Amino acid sequence: MREASFADLLINYGHFTSMQVRGGRVQGLALHLARLASATEELYGVSLPDVRPYVLRALGSTADATVRVTIAGVTPSILVTLRPPRDPRGPRRLMSVQHARPFAHIKHVGMFAQIHFGKLAEQAGFDDALLVAPSGAVTETTIANVGFFDGDFVVWPSAPQLNGTTMQLLEPLVPSRREVVSLSDIGRFSGAFVTNSSGVSPVTAIDSHSFEADERRMKELTEAYDSVPWDPI
């Protein structure tokens, strides 16, 4: 497998993973590598070589960064890009939109709808869009998983979505269950939050429904996430 060219990126076919690197280490590195391997097998029918040497070469002497590894093109090629490191964002306000990502289990590069809905949400005074299936079931946001507080449990929507790395790391560490969450039913939850490679952020509103900040539950989540070891690349 070769490094990606500009022509490969123009095809707009492929998949990727994004990870936070600190001191040359990544939380949930094995999950990121497994995601890349399984999607490459599914989309291209080939095995993915070890991408870590590509990441290390791109990092060079850089210790902290947001690293994106993209497998792109008609035939698979590898692209590693770096951006400044990103910490958890502040409280998020979400605007619901009816949209279901195709092939939702893959972190694929076809993101026009997600970007557009995210911009529409920002124009309406929100921070991001919450994707809702035609059935009314909550799925995910444009760039994150969403979870809800129900008593001592975290409820993750049972719906076609990307199983994000942060969600996968948190799910076994906190009392969790998965169930169908309808947009019309979010009022029964005491709070909500989103997770992605940046970490965990509280949700303070979905459309006109406001959630009170639950500092205790958010502290539990962040402490659980902080307990995850950082793996050397």
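The values are calculated or read from the model by the stated rules, or taken from the named source; none is laboratory data. Bear in mind that the values here come from a model prediction, so they are computed numbers and not experimental data. Ideal geometry is used to build each Cβ from the backbone, glycine not excepted, and the neighbour counts take in all protein chains shown.
For the structure I just gave you, tell me whether Thr204 is in the same structural domain as Phe126 (by TED's automatic domain parsing) and in a helix (DSSP H, G or I).
Numbers: in the same structural domain as Phe126 (by TED's automatic domain parsing): yes; in a helix (DSSP H, G or I): no.
No; evaluated as a whole, the condition is false for this residue.
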Task: Residues located in the stretch 151-174, provided they are assigned to a loop (DSSP other than H, G, I, E, B) and touching a Pro at 6+ places or on another chain (Cβ under 8 Å) - done: Asp152
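Does Thr142 satisfy the condition of being closer than 25 Å to Thr70 by Cβ, of a type in the set (Ser, Thr, Tyr), at pLDDT 95 or above and in contact with a Ser or Thr (Cβ under 6 Å, 6 or more places away or on another chain)? Give the derivation first.
Values: closer than 25 Å to Thr70 by Cβ: yes; of a type in the set (Ser, Thr, Tyr): yes; at pLDDT 95 or above: yes; in contact with a Ser or Thr (Cβ under 6 Å, 6 or more places away or on another chain): no.
Spelling it out, it is not the case that Thr142 is closer than 25 Å to Thr70 by Cβ, of a type in the set (Ser, Thr, Tyr), at pLDDT 95 or above and in contact with a Ser or Thr (Cβ under 6 Å, 6 or more places away or on another chain).
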TODO: Identify the residue in the stretch 214-227 that is surrounded by 12 or more Cβ atoms within 10 Å (Cβ to Cβ) and not charged (D, E, K, R) and, among all such residues, is nearest to the chain's Cα centre (by Cα).
DONE: Tyr225
TODO: Could you check how many residues of the stretch 180-201 are in a loop (DSSP other than H, G, I, E, B) and more than 18 Å from Pro91 (Cα to Cα)?
DONE: 2
Open item on the list: Filter the stretch 84-107 down to the residues that are closer than 15 Å to Glu42 by Cβ and surrounded by fewer than 15 Cβ atoms within 10 Å (Cβ to Cβ) and list them by number.
Closed with: Pro102, Phe103, His105
- [ ] Return yes when Ile186 is farther than 27 Å from His108 by Cα and at pLDDT 95 or above and no when it is not.
- [x] yes
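In the set Ser96, Ser77, which member is farther than 29 Å from Pro232 by Cβ, in contact with a strand residue (DSSP E or B) (Cβ under 6 Å, 6 or more places away or on another chain) and among the small types (Gly, Ala, Ser)?
Working: Ser77 fails: farther than 29 Å from Pro232 by Cβ.
Of Ser96, Ser77, the one residue that is farther than 29 Å from Pro232 by Cβ, in contact with a strand residue (DSSP E or B) (Cβ under 6 Å, 6 or more places away or on another chain) and among the small types (Gly, Ala, Ser) is Ser96.
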Open item on the list: Checking Arg177 against (1) part of a strand (DSSP E or B); (2) within 25 Å of Glu122 (Cα to Cα): exactly one of these is not met. Which one?
Closed with: (2)
Open item on the list: Can you report the number of residues in the stretch 114-137 which are in contact with a Pro (Cβ under 9 Å, 6 or more places away or on another chain) and within 22 Å of Arg35 (Cβ to Cβ)?
Closed with: 0
